[in-house]
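Asks: Pasting in a structure now, in structure tokens, and then I'll have a few things to ask.
The values are calculated or read from the model by the stated rules, or taken from the named source; none is laboratory data. Predicted model only: the values in this text are computed from it and were never measured. For neighbour counting, all protein chains shown are included, and Cβ atoms are generated from backbone atoms with ideal geometry for every residue, glycine included.
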Amino acid sequence: MNFVHLHLAINHSPLYAELFAFLILLIGMITRNRSVVNTALIIAIFAAGFAWAADFSGDKAKDIIDHSAPIAGVDKTMIHEHELAANFVVISASVAGFLAIVALFLRRGWMNFIVLLVILWSLTVVGRTALLGGRIHHPEVRDVIKG
């Protein structure tokens, strides 16, 4: 197993972790269940770690792909834009994770709402990055939405 395989194995983890954190936090806030809210905040913290891991493995995977022979179905020109977007995932997920840590200690409803909004923003960043990553090897999504 090399970093290309590792990146392909973990690259969806920030997306799903943030999605679960968002949904569980929303449920916890609606039901006013502190245990559910705390669970969501912890998942948001893990999502930040997953974003860092996906970014690190992606950087290493890019190096391997750049120095390899052409691979059937892989458009190497799409990697750069995906890489730039991935940097924003690390930032957005880290902001959400940091705010989740703060919310765990403050235990204020308004702080949970802020974390919820930041996770929602981060989900848009992660979603765009996932689309750009899919375009590298999936021609069926290359023409869906430009940018």
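Asks: Does Ile45 satisfy being out of contact with any strand residue (DSSP E or B) (no Cβ under 8 Å at 6 or more places or on another chain), assigned to a helix (DSSP H, G or I) and within 22 Å of Arg128 (Cα to Cα)?
Replies: Judged against the criteria, Ile45 is a match.
Asks: Can you confirm whether Gly28 is part of a helix (DSSP H, G or I) and within 15 Å of the chain's Cα centre (by Cα)?
Replies: no
Asks: Then there is this: From the list Ser92, Ser35, exactly one residue is assigned to a helix (DSSP H, G or I), surrounded by 14 or more Cβ atoms within 10 Å (Cβ to Cβ) and polar (S, T, N, Q). Which is it?
Replies: Values: Ser35 fails: surrounded by 14 or more Cβ atoms within 10 Å (Cβ to Cβ).
The match here is Ser92.
Asks: Give me the residue from segment 107-135 that is surrounded by 15 or more Cβ atoms within 10 Å (Cβ to Cβ) and among the basic types (Lys, Arg) and, out of that set, farthest from Ile43 (Cα to Cα).
Replies: Here the answer is Arg135.
Asks: Of the conditions (1) touching a Leu at 6+ places or on another chain (Cβ under 6 Å); (2) modelled with pLDDT of 95 or more, Ala51 satisfies every one except a single condition; which number is it?
Replies: It is condition (1) that Ala51 fails.
Asks: Out of Leu8, Leu104, Leu25, which single residue is surrounded by 14 or more Cβ atoms within 10 Å (Cβ to Cβ), modelled with pLDDT under 95 and of a type outside the set (Gly, Ala, Ser)?
Replies: Working: Leu104 fails: modelled with pLDDT under 95; Leu25 fails: modelled with pLDDT under 95.
Criteria check complete, one pass: Leu8.
Asks: Here is a further query. Return the total of residues in segment 1-19 being part of a loop (DSSP other than H, G, I, E, B) and within 10 Å of the chain's Cα centre (by Cα).
Replies: 2
Asks: If I filter segment 72-87 down to residues being surrounded by fewer than 12 Cβ atoms within 10 Å (Cβ to Cβ) and of a type in the set (A, V, I, L, M, F, W, C), which single residue comes out as modelled with the lowest pLDDT?
Replies: The residue in question is Ala72.
Asks: Hey, could you check segment 102-139 for residues that are among the small types (Gly, Ala, Ser) and in contact (Cβ under 8 Å) with a residue 12 or more places away in the chain and say which is farthest from Glu83 (Cα to Cα)?
Replies: Within segment 102-139, the subset among the small types (Gly, Ala, Ser) is 103, 109, 122, 127, 130, 133-134.
When the remaining residues are screened for being in contact (Cβ under 8 Å) with a residue 12 or more places away in the chain, the result is 103, 109, 122, 127, 130, 133.
Values: Ala103: 30, Gly109: 35, Ser122: 16, Gly127: 14, Ala130: 11, Gly133: 8 Å.
So, considering only residues that are among the small types (Gly, Ala, Ser) and in contact (Cβ under 8 Å) with a residue 12 or more places away in the chain, the one farthest from Glu83 (Cα to Cα) is Gly109.
Asks: Is at least one residue of segment 70-89 within 20 Å of Ile114 (Cβ to Cβ), in a helix (DSSP H, G or I) and not aromatic (Phe, Trp, Tyr)?
Replies: Yes.
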